[in-house]
Structure formats: structure tokens, C-alpha cells
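A short worksheet on the structure shown next.
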């Protein structure tokens, strides 16, 4: 009986290691893709002459929005998105569906920040909201693919390219 228990523990530990590795890889991929694309977006926006100064909610004066601001936002949101994916993979009967629903809702709610920015030009608000949408359209599917459709099942095989 000891051998069987040890064997089950070893198999569970191996599955858990693969599980964690899959999420770390998805999170890292999502962060790299998200930062690269949003930085290109920020460069295009600046080249187009959109004023990149925004005030936070209820601020009286705008502050410059830098390239680092975009990257930091992507990294923070991707980190929490990865945490959300891990939690839902353990708690939900349909983790991929739950993640898509929750993360899409959170992405939509995140638009309150750019649209609610005080002392900010309308063009800047729209531009910042566009950045939120672009990143969400990239990061959410990458993280979702790391989740199985149903609890207890393996992640769908990725199609060959």
C-alpha cells in the first residue's frame, strides 16, 4: 500500500509540475506578446501626434503616459490574469469558459480607467482604451489556451503548424 500511495503522489506531483509549467509558459508568452504589441502601438500613437498625458480618476492635472506605463500595465494585468487562470483551473468545472467570461468582463471594466481619466483629451482616452482592447485580445486567448475545457481533462492538443 505504501508503494501505491508513493506512486500516486509521484504521478500527482508530475502532473502538478507540468500544470504549473504550462501556466508559467502561457503567462510569459502573453506578457512578451502583449508588451511588444502595446509598445509598437504606443510608438505609432506618439508618431501620429496623439497627446499622451492623462490624469488618473479625479486628478486635477494630467501626467505623461510613457512607454514604460504601457509595459507596466501589461505585465501587471498578465500576472493577475495568469493567477486567475491557475485559480479557475482548480475551482471551476469548465475552467476555460470561466476564465474567458471573467477575464473578458474584467477587461471591459478596465475601460473605466481611460474613459474616466480626468484632465485628459478625448483622443488620449480613446487611444488608451484602444490599448486596453488590443492587449486583452492578445493576452486572454493565450492564457485561455493553457486551460482545459473541462475539469479533470488535459488541455486540447495544439494544431500542428
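Among the candidates 131, 93, 68, the residue that is part of a helix (DSSP H, G or I) and in contact (Cβ under 8 Å) with a residue 40 or more places away in the chain is uniquely 131.
Going by the conditions given, is residue 31 at pLDDT 95 or above, surrounded by 10 or more Cβ atoms within 10 Å (Cβ to Cβ), within 29 Å of residue 64 (Cβ to Cβ) and touching a helix residue (DSSP H, G or I) at 6+ places or on another chain (Cβ under 9 Å)? Taking the combined requirement at face value, the residue satisfies it.
Checking the stated criteria, residue 86 turns out to be more than 21 Å from residue 71 (Cα to Cα), in contact (Cβ under 8 Å) with a residue 12 or more places away in the chain, under 14 Å from the mean Cα position of the chain (by Cα) and assigned to a helix (DSSP H, G or I). Scan region 144-157 and give yes if some residue there is in a helix (DSSP H, G or I) and either closer than 20 Å to residue 55 by Cα or under 19 Å from the mean Cα position of the chain (by Cα) (or both), otherwise no. Yes. Would region 73-80 turn up any residue that is over 21 Å from residue 22 (Cβ atoms), assigned to a helix (DSSP H, G or I), touching a residue at least 12 places away in the same chain (Cβ under 8 Å) and in contact with a strand residue (DSSP E or B) (Cβ under 7 Å, 6 or more places away or on another chain)? For region 73-80, residues over 21 Å from residue 22 (Cβ atoms), assigned to a helix (DSSP H, G or I), touching a residue at least 12 places away in the same chain (Cβ under 8 Å) and in contact with a strand residue (DSSP E or B) (Cβ under 7 Å, 6 or more places away or on another chain): absent. Only residues that are at pLDDT below 90, surrounded by fewer than 15 Cβ atoms within 10 Å (Cβ to Cβ) and out of contact with any helix residue (DSSP H, G or I) (no Cβ under 9 Å at 6 or more places or on another chain): list them for region 41-60, please. Once the filter is applied, which keeps residues that are at pLDDT below 90, surrounded by fewer than 15 Cβ atoms within 10 Å (Cβ to Cβ) and out of contact with any helix residue (DSSP H, G or I) (no Cβ under 9 Å at 6 or more places or on another chain), region 41-60 yields 58, 59, 60. Scanning region 104-128 for residues that are part of a helix (DSSP H, G or I), touching a helix residue (DSSP H, G or I) at 6+ places or on another chain (Cβ under 7 Å) and surrounded by fewer than 17 Cβ atoms within 10 Å (Cβ to Cβ) yields 104, 115.
Inclusion of residue 135 among residues that are under 21 Å from residue 29 (Cβ atoms) and buried (at least 17 other Cβ atoms within 10 Å of the Cβ) is warranted.
The values are calculated or read from the model by the stated rules, or taken from the named source; none is laboratory data. The shown structure was predicted, so the numbers you read here are calculated from the model rather than taken from an experiment. Neighbour counts are summed over all protein chains in view; Cβ atoms, including those assigned to glycine, are modelled from backbone coordinates with ideal geometry.
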